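Sharing a structure here in structure tokens format.
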Amino acid sequence: MKWLKVYGLPKLPLFLARLAMRLGLPGPTWYKWKAASAGTGVILDEMIRAADDLGYDGQKVGKLAMSRIGEKQGAGLREQLGVKTMKDTVDVVMLANRFFDIEITLTETKDGEYVINADRCPWFGGMGQEGVEGWDVKPCAAFSTYEKAMVNAINPNVKLSYTEKRTTGGHTCRGVYQYRDAELGDGPEEGVTPEMVSIGRKPKK
């Protein structure tokens with residue numbers, strides 16, 4: 001079978017693309033969803049590269065933008081759905097990953113700790129599927145900042161850290177959820193200091 005392969009978009013059977021053009025069809029729903037998910041990653045990647053070209057620290061720019069999105073979405077979820085426990089937080093981030101077409105599973109639970117694995121990412125690939133060319137540690141780190149900011153907005157006492165990343169040579173992407181203060185748990189927020197994301201200075205002309 002011949003495929004239509006376009007930078008930043010999932011593959012589509014060539015005959016379907018030609019049929020959609022001829023008949024004026026909008027394209028399959030599954031393709032539009034996957035294209036939107038993959039396109040988000042491409043925009044993030046290009047934003048970082050563009051910032052680098054202009055003399056900024058592109059990775060910091062990407063992290064700041066994704067952190068703001070994560071904070072706003074996390075706050076909205078906390079307020080509207082009443083999510084605040086560590087398990088709530090894990091469930092929400094896993095759901096968010098599925099929206100981005102990332103294959104993610106909860107692999108281990110114990111008192112005060114949850115471990116998740118992301119075995120396939122539409123940008124980096126996995127599970128026998130190719131990712132987007134050029135996707136590397138910078139956009140991956142920026143997207144991870146989005147997840148961390150969402151976690152912090154839902155429950156500031158829950159910390160998400162990554163013990164393995166495929167963009168840095170790992171076999172999977174593994175995230176670990178733990179309490180910053182085990183005694184505080186899912187209780188009040190006093191005494192918890194959120195992680196902040198800073199941006200570099202604007203370059204001199």
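The values are calculated or read from the model by the stated rules, or taken from the named source; none is laboratory data. Note that the coordinates shown come from a computational prediction; the quantities given were computed from them, not determined experimentally. In this analysis, Cβ positions are derived from the backbone assuming ideal geometry, glycine residues included, and neighbour counts consider all displayed protein chains. Accessible surface areas use protein heavy atoms only, side chains included; no ligands, DNA or RNA. Shrake-Rupley method; radii C 1.70, N 1.55, O 1.52, S 1.80 Å.
Since Gly191 meets every condition but one in (1) open to solvent by 20 Å² or more (accessible area, probe 1.4 Å); (2) modelled with pLDDT of 80 or more, which condition does it not meet?
Going through the list (1) open to solvent by 20 Å² or more (accessible area, probe 1.4 Å); (2) modelled with pLDDT of 80 or more, Gly191 breaks only (2).
Only one residue in Arg68, Arg78, Arg22 is of a type outside the set (A, V, I, L, M, F, W, C) and free of Cβ contacts under 8 Å to residues at least 24 places away in the same chain. Which one?
On the way: Arg68 fails: free of Cβ contacts under 8 Å to residues at least 24 places away in the same chain; Arg78 fails: free of Cβ contacts under 8 Å to residues at least 24 places away in the same chain.
Criteria check complete, one pass: Arg22.
Turning to a different aspect of this structure: Exactly one of (1) open to solvent by less than 80 Å² (accessible area, probe 1.4 Å); (2) not in a loop (DSSP other than H, G, I, E, B) is unmet by Lys72. Its number?
All conditions pass for Lys72, except number (1).
Same structure again: Quick one: count up the residues across the range 43-62 that are open to solvent by 20 Å² or more (accessible area, probe 1.4 Å) and either under 17 Å from Phe100 (Cα atoms) or part of a loop (DSSP other than H, G, I, E, B) (or both).
Our first condition is that a residue be open to solvent by 20 Å² or more (accessible area, probe 1.4 Å); within the range 43-62, this holds for 43, 46-47, 49-50, 52-57, 59-61.
With either under 17 Å from Phe100 (Cα atoms) or part of a loop (DSSP other than H, G, I, E, B) (or both) added as a condition, the list becomes 43, 54-57.
Residues in the range 43-62 being open to solvent by 20 Å² or more (accessible area, probe 1.4 Å) and either under 17 Å from Phe100 (Cα atoms) or part of a loop (DSSP other than H, G, I, E, B) (or both): 5 in total.
Hey, another quick one. Checking the structure you have, find out if any residue of the range 4-12 is assigned to a helix (DSSP H, G or I) and surrounded by 13 or more Cβ atoms within 10 Å (Cβ to Cβ). Full working, then the answer.
Kept after step one, since they are assigned to a helix (DSSP H, G or I), are these residues of the range 4-12: none.
Looking for residues that are assigned to a helix (DSSP H, G or I) and surrounded by 13 or more Cβ atoms within 10 Å (Cβ to Cβ), one finds none in the range 4-12, hence no.
Right, here's the next one. Taking only the range 75-97 into account, find how many residues are part of a helix (DSSP H, G or I) and of a type in the set (Lys, Arg).
Step one: filter the range 75-97 for residues part of a helix (DSSP H, G or I), giving 75-81, 86-97.
Narrowing further to those that are of a type in the set (Lys, Arg): 78, 87.
Qualifying residue count, the range 75-97: 2.
Checking Ala118 against (1) open to solvent by 30 Å² or more (accessible area, probe 1.4 Å); (2) modelled with pLDDT of 85 or more, which test does it fail?
The failed condition is (1).
Restricting the range 83-112 to residues that are open to solvent by 80 Å² or more (accessible area, probe 1.4 Å) and over 15 Å from the mean Cα position of the chain (by Cα), which is farthest from Ala182 (Cα to Cα)?
Checking each candidate, the answer is Glu108.
Please go through (1) at pLDDT below 85; (2) under 30 Å from Gly187 (Cα atoms) for Gln73 and return the number of the only condition it doesn't satisfy.
Looking at each condition in turn, Gln73 falls short on (1).
Let me ask another. Filter the range 121-130 down to residues that are modelled with pLDDT under 70 and outside any strand (DSSP E or B) and give me whichever is surrounded by the most Cβ atoms within 10 Å (Cβ to Cβ). Walk me through it before giving the result.
So in the range 121-130, the residues modelled with pLDDT under 70 come out as 125-130.
If we keep only those that are outside any strand (DSSP E or B) too, we end up with 127-128.
On the way: Met127: 8, Gly128: 6.
Taking the candidates together, the pick is Met127.
With the requirement that a residue be without any contact (Cβ under 8 Å) to a residue 60 or more places away in the chain and within 15 Å of Asp136 (Cα to Cα), what does the range 25-48 give you? Step through it out loud before you land on a result.
Our first condition is that a residue be without any contact (Cβ under 8 Å) to a residue 60 or more places away in the chain; within the range 25-48, this holds for 25-32, 35-36, 39, 43, 46-47.
Matches in the range 25-48: Ile43, Glu46, Met47.
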